[in-house]
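To start, the structure itself, in structure tokens.
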Amino acid sequence: MTAIGFLYPGYSAEDEYPAMERLLAATGRAVALPVVHTLMREDAHRVDALLDIGGEDVLGEGAAALKAHGVDAAVWACTSGSFVFGWDGASAQVEGVRSAAAAPASSTSFAFVNAVRHLGLRRVAVAATYPRDVADRFAAFLGAADIEVVSLSCRGIVTAAEVGTLRRDEVLDFVASNDHADAEAVLVPDTALHTVAWLTDLEERLGKPVLTANQVSVWEGLRLVGATEPRAGLGALFARE
């Protein structure tokens, strides 16, 4: 069975990966999605803490553990811990994971870019759980990929632990209230946020694609191994061939 490994910082919404594993098995070819938890010295959506979370030492250790699993691809499943490094820094980060895991690699930040391109879109709204200064860096990262952010909203939550406690109605209301008429899709960039069980609900409510962090991370892993055949029930991203 194909195995796509994920490096996940700390503990908050890591249960999204076994949930995605079950959904994938129910909608087509089964894929194993093992998760390695990486070191989080401080749980904070703050630039200095995020630079530490995505540091070479931390990811190198985690990627070596994925190599021991024999994964076919590896994804650094942390949006803020990748885009905070900027485009070049995030690229170097992925190369380090690729080398240590001995497998094709990517990160959630690049997953968002590739997902937007896969859907043929250019204008997006961003509903970020982060504080403004961190969210601004995500918008800049998207801008470097020629993706226009027509609206950037921030919930201002500092810790991943708190983000992971948000419930269905809170998530749906937050995303819907931060849509924009000019946006072709809404991006929700935090792997600490639970969304996978509500992908259909989100898109039905907004009437457009909604791309969420754990969703795009799994799709990116499948893209790396050439397994992006259409699947139902996982949002517009997975439905598009």
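Numerical summary
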read-out: Evaluation of E148 against (1) closer than 16 Å to A49 by Cα; (2) in contact with a strand residue (DSSP E or B) (Cβ under 6 Å, 6 or more places away or on another chain); (3) open to solvent by 60 Å² or more (accessible area, probe 1.4 Å) (one fails), failing number; value: (1)
read-out: Selection from region 121-168 of residues that are under 18 Å from D43 (Cβ atoms) and among the aliphatic types (A, V, I, L, M); value: A128, V134, A135, I157, V158, A160, A161, V163, L166
read-out: Selected residue [under 27 Å from V47 (Cβ atoms) and modelled with pLDDT of 95 or more] from V196, V171; value: V171
read-out: Filtered residue count, region 6-54, keeping only those that are in contact with a Gly (Cβ under 7 Å, 6 or more places away or on another chain) and either farther than 21 Å from G70 by Cα or in a loop (DSSP other than H, G, I, E, B) (or both); value: 10
read-out: Every pair of residues 6+ apart whose Cβ atoms lie under 6 Å, when the first sits in region 132-145 and is within 11 Å of S80 (Cα to Cα) while the second is not aliphatic (A, V, I, L, M); value: V134/H45; V134/S80; A135/C154; R137/F83; F138/F83; F138/P189; F141/F83; F141/S109
read-out: Selection within region 220-234 - under 18 Å from T200 (Cβ atoms) and open to solvent by less than 10 Å² (accessible area, probe 1.4 Å); value: R231, L234
read-out: Inter-residue pairs, beta-carbon under 7 Å, first charged (D, E, K, R) and in region 229-240, second in a loop (DSSP other than H, G, I, E, B), 6+ apart; value: E229/G28; R231/G28; R240/L119; R240/P230
read-out: Of all residues in region 1-56 being modelled with pLDDT of 95 or more and among the β-branched types (V, I, T), the one that is farthest from G156 (Cα to Cα); value: T2
read-out: Of residues in region 151-181 being open to solvent by 40 Å² or more (accessible area, probe 1.4 Å) and hydrophobic (A, V, I, L, M, F, W, C), the one farthest from D48 (Cα to Cα); value: A181
read-out: Residues (of a type in the set (V, I, T) and farther than 17 Å from A74 by Cβ) located in region 1-37; value: T27
read-out: Selection count, region 189-219, where residues are open to solvent by less than 40 Å² (accessible area, probe 1.4 Å), part of a helix (DSSP H, G or I) and free of Cβ contacts under 8 Å to residues at least 40 places away in the same chain; value: 4
read-out: Yes/no for R117 being in a helix (DSSP H, G or I), of a type outside the set (G, A, S) and farther than 22 Å from H69 by Cα; value: yes
read-out: Matching option when the condition is crowded, with 24+ Cβ neighbours inside 10 Å, assigned to a helix (DSSP H, G or I) and in contact (Cβ under 8 Å) with a residue 12 or more places away in the chain, among V97, V71; value: V97
read-out: Pairs, first polar (S, T, N, Q) in region 1-21, second modelled with pLDDT of 95 or more and part of a loop (DSSP other than H, G, I, E, B), C-beta under 6 Å, six or more apart; value: T2/V31; T2/D72; T2/V225; S12/G164; S12/A192
read-out: Any hit, region 138-148, residues being in contact with a Leu (Cβ under 7 Å, 6 or more places away or on another chain), assigned to a helix (DSSP H, G or I) and at pLDDT 95 or above; value: yes
read-out: Pairs where the first residue, in region 23-50, is on the phi < 0 side of the Ramachandran plot and the second is part of a loop (DSSP other than H, G, I, E, B) and of a type in the set (K, R), C-beta under 6 Å, 6+ apart; value: T27/R231
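The values are calculated or read from the model by the stated rules, or taken from the named source; none is laboratory data. Predicted model only: the values in this text are computed from it and were never measured. Here the Cβ is made from the backbone with ideal geometry for all residues, glycine too, and neighbour counts use every protein chain on show. Note: areas computed on protein heavy atoms with side chains; ligands, DNA, RNA excluded. Shrake-Rupley method; radii C 1.70, N 1.55, O 1.52, S 1.80 Å.
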